[in-house]
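Asks: Before we start, here is the structure in question, set down as structure tokens.
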Amino acid sequence: MAKTKVVFYSAPWCNGCSRMKPKFYDICKELGVSFEVVDVEEPEGVARSIKYGVRNVPTLVFMRGGKEIGRAKGNESYLAVAKYA
């Protein structure tokens, strides 16, 4: 099975993003899962965000085999890790 990739959309000005990122890695460690993580930060990632319909940060987009398998947004989006592990 292909490894799940997580595209992590965030922004340096977003307090929720900075609080959520360590929680994401902590829950991955707790569950013993690893993802290929791609960070897309605003404002540099605006074009990519528009292309993939990301309208809020933080947003996690879970992908496997080049296809989106799920999406979670907001400060609690790290909880979706268990669902897509």
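The values are calculated or read from the model by the stated rules, or taken from the named source; none is laboratory data. Every value quoted in this text rests on a predicted model; they were computed, and no experiment measured them. Don't worry about glycine lacking a Cβ; one is built from the backbone with ideal geometry, like all the others, and counts go over all protein chains shown. Remember, those area values only see protein heavy atoms, side chains included, never the ligands or the DNA or RNA. Shrake-Rupley method; radii C 1.70, N 1.55, O 1.52, S 1.80 Å.
Asks: Among what's in the stretch 54-75 and is part of a loop (DSSP other than H, G, I, E, B) and within 14 Å of Cys14 (Cβ to Cβ), pick the residue that is most open to solvent (accessible area, probe 1.4 Å).
Replies: The residue in question is Arg55.
Asks: Could I ask something else about it? Could you look through the stretch 5-23, keep only residues that are assigned to a helix (DSSP H, G or I) and in contact (Cβ under 8 Å) with a residue 40 or more places away in the chain, and pick out the one that is surrounded by the fewest Cβ atoms within 10 Å (Cβ to Cβ)? Give the derivation first.
Replies: Step one: of the stretch 5-23, the residues assigned to a helix (DSSP H, G or I) are 15-23.
Those still in the list that are in contact (Cβ under 8 Å) with a residue 40 or more places away in the chain too: 16-17, 19-20, 23.
On the way: Gly16: 16, Cys17: 20, Arg19: 12, Met20: 22, Lys23: 15.
By that ranking, first place goes to Arg19.
Asks: Name the single residue, out of those in the stretch 60-84 being β-branched (Val, Ile, Thr) and touching a helix residue (DSSP H, G or I) at 6+ places or on another chain (Cβ under 7 Å), that is nearest to Gly16 (Cα to Cα). Give the derivation first.
Replies: Applying the first criterion (β-branched (Val, Ile, Thr)) to the stretch 60-84 yields 61, 69, 81.
Going one step further and asking which of them are touching a helix residue (DSSP H, G or I) at 6+ places or on another chain (Cβ under 7 Å), we end up with 69, 81.
Details: Ile69: 23, Val81: 17 Å.
In this case the residue turns out to be Val81.
Asks: Just for the stretch 24-53: of the residues that are open to solvent by less than 30 Å² (accessible area, probe 1.4 Å) and out of contact with any helix residue (DSSP H, G or I) (no Cβ under 8 Å at 6 or more places or on another chain), which one is modelled with the highest pLDDT?
Replies: Among them, the one singled out is Ser49.
Asks: When the stretch 38-52 is examined, which residues are found to be in contact with a strand residue (DSSP E or B) (Cβ under 7 Å, 6 or more places away or on another chain) and of a type in the set (Gly, Ala, Ser)?
Replies: Those that are in contact with a strand residue (DSSP E or B) (Cβ under 7 Å, 6 or more places away or on another chain) and of a type in the set (Gly, Ala, Ser): Gly45, Ser49.
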